[in-house]
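A short worksheet on the structure shown next.
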Amino acid sequence: MEVTAQKLVQMIAVAIAVGMLAQVLAHKARLPSIVLLLGLGILVGPDGVGWIDTRAFGRGLEAIVTIAVALILFEGGLQLHYVDLAAVGRSVRNLVTIGAAITVVGATAAAHLVAGFPLRLALLFGAIVSVTGPTVINPLLDRVRVQRRLDTILRGEGIVIDPIGAIFAVVVLELMLTADSSIWTGMQEFAIRMGLGVAIGLAGGWVLGRILRMRRLLEPEVENLVVLAWVLALFAVSERLAGESGLAAVVIAGMTVRRESIPRQHQLRRFKGELSVLFISLLFILLSAHLRLSTIAAVGWGGVAVVVLLMWVIRPLGVLASTVRTDLTWRERLFLMWICPRGVVAISISSFIAILLATGSPAVTRARLSPQAGEALVALVFLTIAITVVVQGITAAPVARLLGVAATSSRHVVVVGANALGRTFASLLREHGLEPLLIDANPINVAHARRAGMPAIVGNALEREVLDEAQLGDAGAVVGLTANQEVNFLACQLAASEYHVPDVHPVLIDREKGPRNRLVRSIGGEPGFAEQADVAQWCLDLDRGDAAIFTVEVGEPAARRTIEDLDLGPDVLPLLLLRGGDVRICHVGLRCASGDRLVALVRDGAEASLAERVSGAPTMSEAPA
């Protein structure tokens, strides 16, 4: 089919314009953009108005998809927060290994037994749908905001599983087409491709980070374009050395650059984010227009049943097996079970396999595969993408609200100081449904926090790069909890003035030698916990076991009084005030009400005094480690 260059340009222009229209309409309708992209892609394709006929692109469509997926995966690695990933690394690791293995086995069985696919074709389907991918997960999570660690798990799974699934599917196909290949050979081939991609990504990302950190080497006008060219070069080199290894290379390169703390990193992430929106829109329009509805219909209700099993049986089993012995709540597990849409990488791999099968080579014939098998494979994969994207895209927000895992800015609390007191406070926040993130310049404190399963960043809380890494703009509160009250005040001042955080609470250590209440209130904050607190001494007491968490119910005599008015003394440090389902960080101006529960850190022997002043019935609990 010969088509003029002018016609190809017109079709690309239509795809981009319709893709952007879908993005705008989705934003206005508060729907995931992928849903509209699929619908409008079919509308402008051969089964609709016929403005786009992807057969005209030939192998060029495969090239467009490959380049776009490489840039999207790099952007995904660049956006992934290493500090958050470290805190949920076990869950992500299990999902991309145990969970992926369960998906491969379950999807293979479903395609073979329910849809009637030959076993070899069913195995290819199982390998392909093991991937989720940032092309669908990231836009969905950008629209449906969920709690921070759930967001990290889903994004991390999608970014990491894409190269693993792609390489695995290609290796499986090569084993089928090569008569003398063995499973051991396939495992070696998989390891070589993954290892090569990871090595190139690490080296290339590190070198790129060094280049970007060199002052005056690159002009700001070309810096982002240099990164773009570098990523494409890394991908091309890796693909040249080993097919499909390029996806692993760009993901690792993005994560490596993210860790390099390069200047103007937020500008780079914004540029790559805009490119990702463009390419995701272009890809879904073209790929939706590529597949004929008659091909999908040929899969029949058996194909629909396979997708239903994949969503509501196989995925839940994978999540259950992957989250054993983690601290995820049952609500978080249920949301992970619900969300697992497939994306561009799945359809691009299936299209690549279909092209190979369409050659009808002796190897294909020997493997008992056919061009018709390739078409059926693409149809079932596309049906999987369409159903999972539409169903999960539309229902993600109400399901998140129903399960109570939807994110609100007030649930993200940044704690400056990962010392023993900061870690204890962060544990309490998490226990009561808030999401803590700790910042500390001391790597030992940060290591202790991460071992306790809490996200923590090594860095100076007065530096913009560190605060950007902590996503301070999304935080509902900041508590300055270091042993240096000037740092506590300045960090809170920066959070309030530059990032517009609504609640800032610097902990004061000595009112006579540092910021006073009036100065703290001038920045829109309130002194945290009490009028003053000896942070270093409280840390020592916690380390020695001389302090514990004490919860007491507020009685009528203490009602309507502020924390400052209660005058709890130096042996009591009020931390949280619980009012029904509302959790409030204690500060000197916080007013108590009858029936509230005050959560405080108490030194040995001060429990009776606290109970007497607050007039409630106390209950003891151990201080979090």
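In this structure, is Val237 of a type in the set (A, V, I, L, M), crowded, with 16+ Cβ neighbours inside 10 Å and out of contact with any strand residue (DSSP E or B) (no Cβ under 8 Å at 6 or more places or on another chain)?
Considered against the rule, which asks whether it is of a type in the set (A, V, I, L, M), crowded, with 16+ Cβ neighbours inside 10 Å and out of contact with any strand residue (DSSP E or B) (no Cβ under 8 Å at 6 or more places or on another chain), Val237 comes out as no.
What about Phe284, is it surrounded by 15 or more Cβ atoms within 10 Å (Cβ to Cβ), aromatic (Phe, Trp, Tyr), more than 22 Å from the chain's Cα centre (by Cα) and closer than 20 Å to Leu71 by Cβ? Spelling it out, it is not the case that Phe284 is surrounded by 15 or more Cβ atoms within 10 Å (Cβ to Cβ), aromatic (Phe, Trp, Tyr), more than 22 Å from the chain's Cα centre (by Cα) and closer than 20 Å to Leu71 by Cβ.
Hey, could you check segment 461-492 for residues that are among the polar types (S, T, N, Q) and at pLDDT below 90 and say which is surrounded by the fewest Cβ atoms within 10 Å (Cβ to Cβ)? Spell out the reasoning first.
Start the filter on segment 461-492 by keeping residues that are among the polar types (S, T, N, Q), which leaves 471, 482, 484-485, 488.
Subsequent filtering for residues that are at pLDDT below 90 retains 471, 485.
Working: Gln471: 15, Gln485: 22.
My answer is Gln471.
The set of residues in segment 493-511 that are of a type in the set (A, V, I, L, M) and either under 26 Å from Asp327 (Cβ atoms) or buried (at least 23 other Cβ atoms within 10 Å of the Cβ) (or both) comprises Ala495, Val501, Val504, Val507, Leu508.
Taking the numbered list (1) buried (at least 17 other Cβ atoms within 10 Å of the Cβ); (2) at pLDDT 85 or above; (3) under 24 Å from the mean Cα position of the chain (by Cα) in turn, Leu268 passes all entries but (2). For segment 528-571, which residues satisfy the criterion of being among the small types (Gly, Ala, Ser) and over 30 Å from Gln493 (Cβ atoms)? Matches in segment 528-571: Gly545, Ala548, Gly555, Ala558, Ala559. Of all residues in segment 531-548, those that are surrounded by 17 or more Cβ atoms within 10 Å (Cβ to Cβ), under 22 Å from Asp567 (Cβ atoms) and touching a helix residue (DSSP H, G or I) at 6+ places or on another chain (Cβ under 7 Å) total 3.
Yes/no per residue for (1) assigned by TED's automatic domain parsing to the domain that holds Val129; (2) part of a helix (DSSP H, G or I); (3) within 21 Å of Val345 (Cα to Cα); (4) not polar (S, T, N, Q):
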position: Gly165; (1), (2), (3), (4): yes, yes, yes, yes
position: Val170; (1), (2), (3), (4): yes, yes, yes, yes
position: Thr185; (1), (2), (3), (4): yes, yes, no, no
position: Ile192; (1), (2), (3), (4): yes, yes, yes, yes
position: Val207; (1), (2), (3), (4): yes, yes, no, yes
position: Arg215; (1), (2), (3), (4): yes, no, no, yes
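Kindly indicate which of Gly393, Gly433, Gly422 is touching a strand residue (DSSP E or B) at 6+ places or on another chain (Cβ under 9 Å) and assigned to a helix (DSSP H, G or I). Break it down into steps so the answer makes sense when it comes.
Working: Gly393 fails: touching a strand residue (DSSP E or B) at 6+ places or on another chain (Cβ under 9 Å); Gly433 fails: assigned to a helix (DSSP H, G or I).
Of the residues listed, the single one that is touching a strand residue (DSSP E or B) at 6+ places or on another chain (Cβ under 9 Å) and assigned to a helix (DSSP H, G or I) is Gly422.
Just to be sure, is Ala407 in contact (Cβ under 8 Å) with a residue 12 or more places away in the chain and touching a Lys or Arg at 6+ places or on another chain (Cβ under 9 Å)? For Ala407, the condition - in contact (Cβ under 8 Å) with a residue 12 or more places away in the chain and touching a Lys or Arg at 6+ places or on another chain (Cβ under 9 Å) - is met.
In the same structural domain as Phe279 (by TED's automatic domain parsing), under 13 Å from the mean Cα position of the chain (by Cα) and over 24 Å from Glu239 (Cβ atoms): is that true of Val160 in this structure?
On the way: in the same structural domain as Phe279 (by TED's automatic domain parsing): yes; under 13 Å from the mean Cα position of the chain (by Cα): yes; over 24 Å from Glu239 (Cβ atoms): no.
In short, no.
On the given criteria, is Ala298 surrounded by 15 or more Cβ atoms within 10 Å (Cβ to Cβ) and among the hydrophobic types (A, V, I, L, M, F, W, C)? When the stated conditions are applied, Ala298 does not pass them.
Okay, residues lined up against (1) touching a residue at least 40 places away in the same chain (Cβ under 8 Å); (2) farther than 19 Å from Gln471 by Cα; (3) crowded, with 24+ Cβ neighbours inside 10 Å:
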position: Ala386; (1), (2), (3): yes, yes, no
position: Leu403; (1), (2), (3): yes, yes, no
position: Val416; (1), (2), (3): yes, no, yes
position: Phe425; (1), (2), (3): yes, yes, yes
position: Leu428; (1), (2), (3): yes, yes, no
position: Leu437; (1), (2), (3): yes, no, yes
position: His448; (1), (2), (3): no, yes, no
position: Ala456; (1), (2), (3): yes, no, yes
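Residues in segment 289-310 that are more than 20 Å from Ile34 (Cβ to Cβ) and among the β-branched types (Val, Ile, Thr): Thr295, Val299, Val306.
Within segment 153-164, the residues that satisfy the criterion of being at pLDDT 85 or above and not hydrophobic (A, V, I, L, M, F, W, C) are Arg155, Gly156, Glu157, Gly158, Pro163.
Kindly evaluate Arg30 against the criterion of being basic (Lys, Arg), surrounded by fewer than 21 Cβ atoms within 10 Å (Cβ to Cβ) and within 21 Å of Gly19 (Cα to Cα). It would help to see each step written out before you state the result.
Numbers: basic (Lys, Arg): yes; surrounded by fewer than 21 Cβ atoms within 10 Å (Cβ to Cβ): yes; within 21 Å of Gly19 (Cα to Cα): yes.
In short, yes.
Quick check on this structure: which one of Leu40, Leu31 is more than 24 Å from Ile353 (Cα to Cα), modelled with pLDDT of 90 or more, in the same structural domain as Val231 (by TED's automatic domain parsing) and out of contact with any His (no Cβ under 6 Å at 6 or more places or on another chain)?
Details: Leu31 fails: modelled with pLDDT of 90 or more.
Answer to the selection: Leu40.
Screening Val306, Val299, Val257 for residues that are under 14 Å from Ile387 (Cβ atoms) and modelled with pLDDT under 90 leaves exactly one candidate, Val299.
Yes/no per residue for (1) out of contact with any helix residue (DSSP H, G or I) (no Cβ under 9 Å at 6 or more places or on another chain); (2) more than 27 Å from Thr326 (Cβ to Cβ); (3) without any contact (Cβ under 8 Å) to a residue 24 or more places away in the chain; (4) crowded, with 21+ Cβ neighbours inside 10 Å:
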| residue | (1), (2), (3), (4) |
| --- | --- |
| Val92 | no, no, no, yes |
| Leu113 | no, yes, yes, no |
| Phe117 | no, yes, no, yes |
| Thr135 | no, no, no, yes |
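Of all the numbered requirements in (1) of a type outside the set (Phe, Trp, Tyr); (2) within 35 Å of the chain's Cα centre (by Cα); (3) buried (at least 17 other Cβ atoms within 10 Å of the Cβ), Ala558 misses one, and that requirement is (2). Taking the criterion of being over 15 Å from Leu542 (Cβ atoms) and touching a helix residue (DSSP H, G or I) at 6+ places or on another chain (Cβ under 6 Å), the residues of segment 415-437 that qualify are Val416, Leu434, Glu435, Pro436.
Scan segment 335-356 residue by residue and report those that are among the hydrophobic types (A, V, I, L, M, F, W, C) and either surrounded by fewer than 24 Cβ atoms within 10 Å (Cβ to Cβ) or part of a loop (DSSP other than H, G, I, E, B) (or both). Break it down into steps so the answer makes sense when it comes.
Taking segment 335-356 first, the residues among the hydrophobic types (A, V, I, L, M, F, W, C) are 335-340, 344-347, 349, 352-356.
Correct list: Met337, Trp338, Ile339, Cys340, Phe352, Ala354, Ile355, Leu356.
Determine, yes or no, whether Val599 is within 25 Å of Val414 (Cβ to Cβ), touching a His at 6+ places or on another chain (Cβ under 7 Å) and not in a loop (DSSP other than H, G, I, E, B). No: the conditions fail for Val599.
Select the helices (runs of 4 or more DSSP H) contained entirely in segment 42-127, then report the ones holding at least 2 residues which are aromatic (Phe, Trp, Tyr). Show your work before the answer.
Working: elements: 60-79, 82-87, 89-94, 100-113.
No helices (runs of 4 or more DSSP H) qualify here.
Applying the criterion of being assigned to a helix (DSSP H, G or I) and charged (D, E, K, R) to the residues of segment 221-258, the residue that is nearest to Val170 (Cα to Cα) is Glu239.
The values are calculated or read from the model by the stated rules, or taken from the named source; none is laboratory data. Not measured: the values here are computed from a predicted model. When we count neighbours, we look across all protein chains shown, and the Cβ atoms used for this are built from the backbone with ideal geometry, even at glycine.
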